[in-house]
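Q: Before I ask anything, let me first share the structure, which is written out below as structure tokens.
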Amino acid sequence: MRQQRAERFVVGITDHMIPPPDLEAAVLDGIAEVDFLDCRREENLDPEHLARLDALLVWSTRIGPATVERLKRCRIVVRFGVGYDRVDVAALEAAGIPFSNNPDYGTEEVADHAVAMILSLQRRLWEHDARARGYGTTWQANTLTPLHRSSAATVGVVGVGRIGTAVVNRLKGFGYRILGYDPLQPAGHEKAVGYRRVRRLEELLAESDIVTFHCPLNGETRGLLNEATLAAMKPGAILVNTARGELFAGLDPVEAALRSGRLAALGTDVLPMEPPLPHPLLDAWRTREDWLAGRLVVTPHNAFHSDQAAVEMRRNAAETVRIFLEDGVLRNRIRG
């Protein structure tokens, strides 16, 4: 049996959960006390609380240089989720504080969500649902075209990491031809997973009937879904985004592409601003305008969620802290 240490660490949690944080406390039992800061705004973080922390678990609160300066004894910062665009990793690194994210949770959920959007939009299920409400004397005769079988369609996967690979594995069973674009994957990855690798994003966009995005948000991908990118897509293509809302260069180019028919449909779990600000495209979606019937599907940034994933996320993040504080082993490190 593991002996309890004489020294007890202090691990802070920024926000999000309903206190008390029992799950994290159970993982850290015997080595640390948990200090729930309950603060979503960086400027409201208590400097005295920050100064006493040996580790910090972060949900949505921004962690900038001012906060890093107040982490006087902190040994590690861990993000509950995968994305870390609100964490100044370079400032942490300069202060000698390693940062880790939490990539090994919710993979199945996001992949399932993306594939559900792909299948439903390709089969035009939401458009059938929207238009069937108005059918009266006719019923089965109201088919939609074009509507192709899966084996006649090409899906382009942008970002073939954990989630992108899970998407590829799910799509193969439906018979799609699958292209993948990911310059970070080693040579031969496509052979091991089972997709055709393309070297240029433009090639994938031009050939794909459906494009699904699973790339991280960084300087190269921010605003990637802009007017030029959308214009490079195959006419009448379907776009799915379960990655980051900031991949969109605003909603104006998306609205223009949907109105012109360049995009047949869009399914997205993420938006450039959340909760979204007023925009004509979202107004048309909310009021079910006929031109957009079933062509825009929006879910509120919850593709990652299941009851099991919520537990897995919290446990994995707390275990990353425990493993580091106890054994000095640093997993899932992100460098600035």
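Q: For region 25-60, enumerate the residues that are on the phi > 0 side of the Ramachandran plot and open to solvent by 60 Å² or more (accessible area, probe 1.4 Å).
A: Correct list: 38 only.
Q: Run residue 274 past the list (1) more than 30 Å from residue 186 (Cα to Cα); (2) free of Cβ contacts under 8 Å to residues at least 12 places away in the same chain and report the number of the one that doesn't hold.
A: That leaves (2) as the condition not met.
Q: Another question about this same structure. Hey, any hits in region 292-305 for a residue that's assigned to a helix (DSSP H, G or I) and farther than 30 Å from residue 12 by Cα?
A: From region 292-305, those assigned to a helix (DSSP H, G or I) are 292; that's our starting set.
Filter once more, so that each one left must be farther than 30 Å from residue 12 by Cα: 292.
Yes, there is a match, as at least one residue in region 292-305 is assigned to a helix (DSSP H, G or I) and farther than 30 Å from residue 12 by Cα.
Q: Could you please let me know if residue 212 is buried (at least 18 other Cβ atoms within 10 Å of the Cβ) and polar (S, T, N, Q)? Give the derivation first.
A: Working: buried (at least 18 other Cβ atoms within 10 Å of the Cβ): yes; polar (S, T, N, Q): yes.
Spelling it out, residue 212 is indeed buried (at least 18 other Cβ atoms within 10 Å of the Cβ) and polar (S, T, N, Q).
Q: Can you name every residue in region 308-322 that is open to solvent by 50 Å² or more (accessible area, probe 1.4 Å) and of a type in the set (Val, Ile, Thr)? Break it down into steps so the answer makes sense when it comes.
A: To start, the set of residues in region 308-322 that are open to solvent by 50 Å² or more (accessible area, probe 1.4 Å) comprises 308, 311-312, 314-315, 319.
If the condition is that a residue be open to solvent by 50 Å² or more (accessible area, probe 1.4 Å) and of a type in the set (Val, Ile, Thr), then 311 is the only one that fits.
Q: Which of the residues belonging to region 251-276 are among the aliphatic types (A, V, I, L, M) and either closer than 22 Å to residue 221 by Cα or open to solvent by less than 20 Å² (accessible area, probe 1.4 Å) (or both)?
A: If the condition is that a residue be among the aliphatic types (A, V, I, L, M) and either closer than 22 Å to residue 221 by Cα or open to solvent by less than 20 Å² (accessible area, probe 1.4 Å) (or both), then 251, 254, 256, 257, 258, 263, 265, 266, 270, 271, 273 are the ones that fit.
Q: Here's something else I'd like to know. Return a yes/no flag: does region 112-132 have any residue that is among the β-branched types (Val, Ile, Thr), over 30 Å from residue 200 (Cα atoms) and open to solvent by less than 60 Å² (accessible area, probe 1.4 Å).
A: No, every residue in region 112-132 fails to be among the β-branched types (Val, Ile, Thr), over 30 Å from residue 200 (Cα atoms) and open to solvent by less than 60 Å² (accessible area, probe 1.4 Å).
Q: Test residue 289 against the stated conditions and say whether it is surrounded by fewer than 17 Cβ atoms within 10 Å (Cβ to Cβ), under 26 Å from residue 114 (Cβ atoms) and either among the hydrophobic types (A, V, I, L, M, F, W, C) or out of contact with any Ser or Thr (no Cβ under 9 Å at 6 or more places or on another chain) (or both).
A: Numbers: surrounded by fewer than 17 Cβ atoms within 10 Å (Cβ to Cβ): yes; under 26 Å from residue 114 (Cβ atoms): yes; either among the hydrophobic types (A, V, I, L, M, F, W, C) or out of contact with any Ser or Thr (no Cβ under 9 Å at 6 or more places or on another chain) (or both): yes.
It is true that residue 289 is surrounded by fewer than 17 Cβ atoms within 10 Å (Cβ to Cβ), under 26 Å from residue 114 (Cβ atoms) and either among the hydrophobic types (A, V, I, L, M, F, W, C) or out of contact with any Ser or Thr (no Cβ under 9 Å at 6 or more places or on another chain) (or both).
Q: Just to check your reading of the model, which residue among 254, 270 is modelled with pLDDT of 95 or more, assigned to a loop (DSSP other than H, G, I, E, B) and either under 19 Å from the mean Cα position of the chain (by Cα) or closer than 19 Å to residue 118 by Cβ (or both)?
A: 270
Q: Among the residues of region 162-181, which ones are open to solvent by less than 20 Å² (accessible area, probe 1.4 Å) and either closer than 18 Å to residue 202 by Cβ or acidic (Asp, Glu) (or both)?
A: 178, 179, 180
The values are calculated or read from the model by the stated rules, or taken from the named source; none is laboratory data. What you see is a predicted model, and the numbers here were worked out from it, not measured in a lab. A quick note on method: Cβ atoms are made from the backbone with ideal geometry, for glycine too, and the neighbour counts reach across all protein chains shown. Please note that ligands, DNA and RNA were not included when accessible areas were found on the heavy atoms of the full protein model with its side chains. Shrake-Rupley method; radii C 1.70, N 1.55, O 1.52, S 1.80 Å.
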